[in-house]
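**Student:** I have a structure I would like to understand better, so I am pasting it below and will then ask my questions one at a time.
The values are calculated or read from the model by the stated rules, or taken from the named source; none is laboratory data. Computed from a prediction, not measured in an experiment: that's the story for all the values here. In this analysis, Cβ positions are derived from the backbone assuming ideal geometry, glycine residues included, and neighbour counts consider all displayed protein chains. To get the accessible areas, we keep the full protein, side chains included, count just its heavy atoms, and leave off ligands, DNA and RNA. Shrake-Rupley method; radii C 1.70, N 1.55, O 1.52, S 1.80 Å.
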Protein chains: 2
Amino acid sequence: MNLTILGCYAATPRTITNPTSQVLEMKNQMFLIDCGEGTQVQLRKHKIKFSRINHVFISHLHGDHFYGLIGLISTFSLLSRQNDLHVYGPKGIKEVTLLQLKLSGSWTSYNLYFHELDSKESQIVFEDDKVVVSTIPLKHRVYTNGYLFQEKTGDRKLNLNAVMNHNIDTCYYNKIKSGSDMTMEDGTVIPNEELTFDPIAPKSYAFCSDTVYDETIVTLIRDVDVLYHESTFLEADEQYCEMTMHCTAKQAAKIALLANAKHLVLGHYSTRYGSIEPFKEEAKTVFENVELADDGKVFEF
Amino acid sequence: MNLTILGCYAATPRTITNPTSQVLEMKNQMFLIDCGEGTQVQLRKHKIKFSRINHVFISHLHGDHFYGLIGLISTFSLLSRQNDLHVYGPKGIKEVTLLQLKLSGSWTSYNLYFHELDSKESQIVFEDDKVVVSTIPLKHRVYTNGYLFQEKTGDRKLNLNAVMNHNIDTCYYNKIKSGSDMTMEDGTVIPNEELTFDPIAPKSYAFCSDTVYDETIVTLIRDVDVLYHESTFLEADEQYCEMTMHCTAKQAAKIALLANAKHLVLGHYSTRYGSIEPFKEEAKTVFENVELADDGKVFEF
């Protein structure tokens, strides 16, 4: 699992910082999360192949999280994309995208599917044999969802020495990997745990931006491997959190602690600050394992 | 009069090139012409003060000419802009902008006026005491206008030696500058041309993008000082012009020649070409005074 930060600053794009967008690579899928203005250029800059992006998850319809979507959709068409594209986001995202395409006399060269969200409860929005994605309802000034990406538990790993010592035919391997015990021709049963190792532990990633401090999300993200949580403000500016419905770095750290997350990645910094280091320092007073997102940074977990 | 090219490449924004947007400074007004994705970042990069932009002219609703508009409008609000903003563009531009603002639960901190266009005839869209802007109907795949920016003829320049030799009181200066002859106390009439010099010749700028080769625009832009004309293709690719409704550099030069323009600035290059120099070479076979637009280039005329 790796995470490429294309942009992680709040409000307005600038020459040196980009609004929210990131790519999560999980089980060979590339999931695009949020799509602020300029995302397509950031994708090019970081050499992420457009053709590998088939699912785009939009948290909410503030400009710094989705004004780059229509440009990306259009560019995919100009490049004659053929693969289906799925867009998940708040109700309204389809209407505004189709209106823009209509006004430009354009259509897509590929099937474009919208999965519009309006539920206030967590729901599964994507599932295949390896990954499941569900929403994390967040509290912000407009309807907003974070997203929880979870790998499914894979097959058990074959203990090759053990199966060969028992002269087990290769035709049984898949059955054993899926967890079955092995019954030999003489009736002896070899328990599965003698023939396999535990599968690689499935990983999980929670994207929580934008939101006010909200402990109700903790149950949804409990024990998550990596929590990306917004931290728009430093503690000295905490008074802005309530009005803008954003968080401080310390509040993000409290959520990480309550949820028993393994790693916390901070982002969505207000552009008022000259340096982002103080975000880490403040969060570390609450939670040890803190990383700072920054544009272009790639995390491997 | 000066012209800052923020972006002048066709189709999709890339790491090194930007879609169409430019700023024309004329008589101390800054006119923003087209607004592709990333325009607000280009404005920052070229240190153009947001507060000086009060009028935005959009040629057509293809993404590479207007997907940056909503971001700019939003950023102006986030920066608590107070000045009115006027947006000129094809019918539909108001609906899509307001829908985007509505979906983000946003409103502008300033008055935002839309001047929607649907006429196929040239019309005046802006006029003050120094400048007049009219549309140049263009032929493209969707409803498109170029824009003609014309300075008005200013006051005549006072010949200070002459007025002082005649002992003319300063209270008559404004009347003389506006073109009146001077009647002295003894009844003598001094003709205006003895007391003044011609005013600075008013300048004009025509923005013509995107369009197929179309000689009907020539009467609208005759004798223009600077013609910016799209040249998406080189001659070897002329076969794409009809389908895409674009021009070659040579066709742009023909329009400049027919219109008796003083300068031709080429732009809107297809991103298929490694170098833009051949555009100049090809245009120069038809019209001498050719310049190449390029992102970040500033022309003074």
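**Student:** If one takes the longest principal axis of the Cα atoms in chain A, at what angle in degrees, from 0 to 90 and to the nearest 10, does the Cα axis of helix A:93-103 lie?
**Tutor:** That works out to roughly 60 degrees.
**Student:** For A:GLU194 and A:LEU257, calculate 0.36 nm times their separation in residues minus their Cα-Cα distance, and state this gained length in nm to one decimal. Each step should come with its number before you reach the end.
**Tutor:** Working: separation 63, 0.36 × 63 = 22.68 nm, distance 3.72 nm.
Working it through step by step, the gained length comes to 19.0 nm.
**Student:** If each DSSP helix of 4+ residues adds -39,500 (n - 2.57) and the sum is divided by the residues in chain B, what number results at 222 nm, nearest 500 deg cm²/dmol? Display every interim value, and only then the final one.
**Tutor:** On the way: 10 runs with 72 residues, N = 301.
After summing the helix terms and dividing by residue count, I get -6000 deg cm²/dmol.
**Student:** To continue, here is another question. Dividing the convex hull volume of the alpha carbon atoms of the range A:222-301 by its residue count, what do you get in Å³ per residue? Numbers along the way, then the final one.
**Tutor:** Details: hull volume 6.9 nm³, N = 80.
Once divided by residue count, the hull of the range A:222-301 is 86 Å³.
**Student:** Rolling a 1.4 angstrom probe over the protein heavy atoms, how many square angstrom per residue are accessible across the protein assembly as shown? Write down the numbers at each step before the final one.
**Tutor:** Details: 26400 Å² over 602 residues.
Value returned for the protein assembly as shown: 44 Å² of accessible area per residue.
**Student:** Please report, for B:ASN289, the nm distances (one decimal) from its label point, 7 Å out from Cα along the beta-carbon direction, to the equivalent points in the remaining copies, shortest first.
**Tutor:** 6.9
**Student:** Using a probe radius of 1.4 Å on protein heavy atoms only, what is the accessible area buried between chains B and A, both sides summed, to the nearest 100 Å²? The partial results should precede the final answer.
**Tutor:** Values: alone 14520 and 14530 Å², together 26400 Å².
For B against A, buried area totals roughly 2700 Å².
**Student:** By a straight-distance test (C-alpha under 25 Å), which lysines pair with B:LYS254 as possible cross-link partners, with residues fewer than eight away in the same chain excluded?
**Tutor:** B:LYS120, B:LYS139, B:LYS203, B:LYS262, B:LYS280, B:LYS284, B:LYS297
**Student:** Kirkwood hydrodynamic radius of the range B:1-152 from all distinct Cα pairs, in Å?
**Tutor:** Numbers: mean 1/r = 0.0640 Å⁻¹.
Mean inverse Cα-Cα distance, inverted, gives 15.6 Å.
**Student:** Mind pulling the angle between the C-alpha long axis of helix A:69-78 and the longest principal axis of chain A? Nearest 10 degrees, somewhere in 0 to 90.
**Tutor:** 70
**Student:** A follow-up question, please. Pull out the extension gain between A:ILE16 and A:THR285, defined as 0.36 nm times the separation in residues minus the alpha carbon to alpha carbon distance; nm, one decimal. Present the calculation step by step, with values, prior to reporting the outcome.
**Tutor:** Working: separation 269, 0.36 × 269 = 96.84 nm, distance 2.88 nm.
Once the chain is fully extended between A:ILE16 and A:THR285, it gains 94.0 nm.
**Student:** Just to be sure I understand the model, the point goes 7 Å from the Cα along the line to the Cβ. What's the resulting B:ASN111 to A:LYS49 distance in nm?
**Tutor:** 5.4
**Student:** Please work out the C-alpha center-to-center distance from the range B:243-283 to the range B:122-197 and express it in whole Å.
**Tutor:** Cα centres, the range B:243-283 to the range B:122-197: 34 Å.
**Student:** If you don't mind, another one. Between the range B:27-89 and the range A:12-57, what is the separation of their alpha carbon centroids in Å?
**Tutor:** Answer, in whole Å: 24.
**Student:** Report, in debye and to the nearest 20, how large the dipole of chain B comes out about its Cα centre when Lys and Arg carry +1 and Asp and Glu carry -1 on their Cβ. Provide the component values of the computation, followed by the final result.
**Tutor:** Details: 29 positive and 39 negative charges, 216 e Å.
Computed about the Cα centre, the dipole is about 1040 debye.
**Student:** For helix B:249-259, what angle does its Cα long axis make with the longest principal axis of chain B, in degrees from 0 to 90 and rounded to 10?
**Tutor:** 30
**Student:** When chain B is modelled as a GNM with alpha-carbon springs shorter than 10 Å, which of B:ILE93, B:ILE190, B:ILE124 fluctuates the most?
**Tutor:** Judging by the Gaussian network model, the answer is B:ILE190.
**Student:** Taking Cα pairs under 8 Å and at least six residues apart, what relative contact order does chain B come out at, in percent? Working shown, then result.
**Tutor:** Values: 672 pairs, mean separation 48.7, N = 301.
Over chain B, the number comes to 16 percent.
**Student:** Same structure, new question: Ignoring ligands, DNA and RNA, what percent of the 1.4 Å accessible area of the range A:151-217 is carbon and sulfur?
**Tutor:** Working: 1940 of 4030 Å².
Result for the range A:151-217: 48 percent of the exposed heavy-atom area is carbon or sulfur.
**Student:** Treat each spin label as a single point 7 Å out from the Cα along the C-beta direction, and report the B:LEU99 to A:GLU277 distance in nm.
**Tutor:** 4.7
**Student:** Assuming R0 = 56 Å, what is the FRET efficiency of A:MET243 and B:ASN159, from their Cβ-Cβ distance, to the nearest 0.05?
**Tutor:** Working: r = 63 Å, r/R0 = 1.12.
Rounded to the nearest 0.05, the efficiency is 0.35.
**Student:** Now, a different point. Check each of the GluC sites (Glu not before Pro) in the range A:85-147 and keep only those in coil by DSSP with at most 12 other C-beta atoms within 10 angstrom; list them in order. Can you show the working numbers first?
**Tutor:** Values: sites: A:GLU95, A:GLU116, A:GLU121, A:GLU127; in loops: A:GLU121.
For GluC sites (Glu not before Pro) across the range A:85-147 that sit outside H, G, I, E and B with at most 12 neighbouring Cβ atoms in 10 Å, the list reads A:GLU121.
**Student:** Let me ask something else. May I ask you to report, in nm to one decimal and beginning with the shortest, the distances from A:MET184 to the same position in the other copies, taking label points 7 Å along Cα-to-Cβ?
**Tutor:** For A:MET184, the inter-copy label distances come out at 13.3 nm.
**Student:** Continuing with this model, one more query. At a Förster distance of 56 Å, what's the computed FRET efficiency of A:GLU185 paired with A:THR216, Cβ-Cβ distance as r, to 0.05? Please report the intermediate quantities before stating the final value.
**Tutor:** Numbers: r = 57 Å, r/R0 = 1.01.
E between A:GLU185 and A:THR216, to the nearest 0.05, is 0.50.
**Student:** Using the Kirkwood radius over Cα pairs, work out the Stokes-Einstein diffusion coefficient for the protein assembly as shown at 37 °C and 0.692 mPa s, in µm²/s as a whole number. Can you show the working numbers first?
**Tutor:** Working: Rh = 27.5 Å.
D = 120 µm²/s.
**Student:** Sticking with this one: Pulled fully out, how much extra length does the chain show between A:LYS120 and A:ARG141, if you take 0.36 nm times their separation in residues and subtract their Cα-Cα distance? Present the calculation step by step, with values, prior to reporting the outcome.
**Tutor:** Working: separation 21, 0.36 × 21 = 7.56 nm, distance 1.40 nm.
Working it through step by step, the gained length comes to 6.2 nm.
**Student:** Moving to a separate point now. Can you tell me the convex hull volume per residue for the range A:157-197, based on C-alpha atoms, in Å³ to the nearest whole number?
**Tutor:** Values: hull volume 2.4 nm³, N = 41.
In the range A:157-197, the Cα hull volume divided by residue count equals 60 Å³.
**Student:** Is the C-alpha gyration tensor of chain B telling us rounded, prolate or oblate? Criteria: a/c under 1.5 is rounded; beyond that, a/b larger than b/c is prolate, otherwise oblate.
**Tutor:** Note, shape of chain B comes out oblate.
**Student:** To the nearest 20 debye, what is the magnitude of the charge dipole of the range A:157-197 about its Cα centre, counting +1 on the Cβ of each Lys and Arg and -1 on the Cβ of each Asp and Glu?
**Tutor:** Values: 3 positive and 6 negative charges, 52 e Å.
Charge dipole, the range A:157-197, about its Cα centre: 260 debye, nearest 20.
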